[in-house]
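The block underneath contains the structure these notes are about, expressed in structure tokens.
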Amino acid sequence: MRPSLPTTGEQPARSSRELGDKTNLVILVSGHGSNLQAILEACADGHLRAQVTAVIANKRGAYGLERARLAEIPAIYYPKPIDQERRAYDAALADLVASYHPTWVVLAGWMRVLSSAFLDHFPNRVVNLHPALPGTFPGVNAIQRAFEAYQRREIQHTGVMVHLVPDEGVDAGPVLAQEVVPIYPGDTLESLEARVHQVEHQLLVNTLMSIC
Ligand code: GRF
């Protein structure tokens, strides 16, 4: 059953004014949540003038939920039932997210493509993080595919981007920020992953600082 919830599609300025000085962030995760952690720490130390009003995960056991609980933030496990239509799930998810009054919805390792049934509720207010440069390696295992492309001498570097999510295009949309990540001859996949994640944490927080 879809709960009775506040109107969706509010303008960012209005919702943040109504709910205090700070910008509200609802974070969607599917796994480890290290980017969520970077956001939580930036909020806690005051670098990021925002508050995380809820963390929602579609995967059972996503450690991001535990990080939210430790920070005493609502942590909601909200999987898609097998027998539920994709758009019905996305609409119900939008209602759930809207109930936490997001100024921005942040996809921080959310491994599910959202349809317009979700996105139309939050025009220009959904932000995604992708561990590669714009137009490169969309979808899963982006770091591994970049590493393999480097080994085939097809690329010299990879990167990270933060972008708006206007539609169902995978890891595509207006770019808010991007940063090149070097790949070195001695790199292993693990060392490259560690470097990419470090850049992700900084780039995501810096981007949110600039838009909040
Ligand atoms: C990040 O590399 C993100 O770009 C990708 O999934 C990973 C999530 O990492 N979409 P974490 O859950 O934030 O640790």
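The values are calculated or read from the model by the stated rules, or taken from the named source; none is laboratory data. These numbers were taken from a predicted model, which means no experiment stands behind them. Please note: Cβ atoms are built from the backbone with ideal geometry, for glycine as well, and neighbour counts cover all protein chains shown. These accessible areas exclude ligands, DNA and RNA; they are computed on the full protein's heavy atoms, side chains included. Shrake-Rupley method; radii C 1.70, N 1.55, O 1.52, S 1.80 Å.
Taken over region 112-125, the criterion of being of a type in the set (S, T, Y) and either within 14 Å of the ligand (Cβ to nearest atom) or open to solvent by 10 Å² or more (accessible area, probe 1.4 Å) (or both) is satisfied by S116 alone.
Listed here are the residues, each with its yes/no results for (1) away from the ligand (no atom under 13 Å from the Cβ); (2) basic (K, R); (3) farther than 26 Å from M209 by Cβ.
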residue: I39; (1), (2), (3): no, no, no
residue: R69; (1), (2), (3): yes, yes, no
residue: E72; (1), (2), (3): yes, no, no
residue: E85; (1), (2), (3): yes, no, yes
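Quickly run through region 116-157 and pick out the residues that are charged (D, E, K, R) and under 22 Å from I39 (Cα atoms). Scanning region 116-157 gives a single hit, R125. Confirm whether G109 is open to solvent by less than 60 Å² (accessible area, probe 1.4 Å), modelled with pLDDT under 95 and at positive phi. Against the criterion (open to solvent by less than 60 Å² (accessible area, probe 1.4 Å), modelled with pLDDT under 95 and at positive phi), G109 does not qualify. Pairs linking a residue in region 93-110 that is assigned to a helix (DSSP H, G or I) and away from the ligand (no atom under 16 Å from the Cβ) to a residue that is open to solvent by less than 20 Å² (accessible area, probe 1.4 Å) and of a type in the set (G, A, S), with Cβ atoms under 9 Å and 6 or more positions apart or on different chains, are L93/A117; A94/A117; L96/A54; V97/A54.
Do we have any residue at all in region 81-90 that's at pLDDT 95 or above and under 17 Å from the mean Cα position of the chain (by Cα)? For region 81-90, residues at pLDDT 95 or above and under 17 Å from the mean Cα position of the chain (by Cα): present. Taking residues in region 49-61 that are of a type in the set (S, T, Y), and partners anywhere that are buried (at least 20 other Cβ atoms within 10 Å of the Cβ) and in a strand (DSSP E or B), the pairs with Cβ atoms closer than 7 Å and at least 6 places apart or on different chains are T53/N24; T53/L25; T53/V26. Taking region 126-151 as the range and being within 14 Å of the chain's Cα centre (by Cα), buried (at least 21 other Cβ atoms within 10 Å of the Cβ) and not aliphatic (A, V, I, L, M) as the test, the residues that pass are N128, H130, P131. Scanning region 158-174 for residues being over 22 Å from S34 (Cβ atoms) and open to solvent by 60 Å² or more (accessible area, probe 1.4 Å) gives a total of 4.
When restricted to residues that are open to solvent by 50 Å² or more (accessible area, probe 1.4 Å) and outside any helix (DSSP H, G or I), region 183-211 contains 4.
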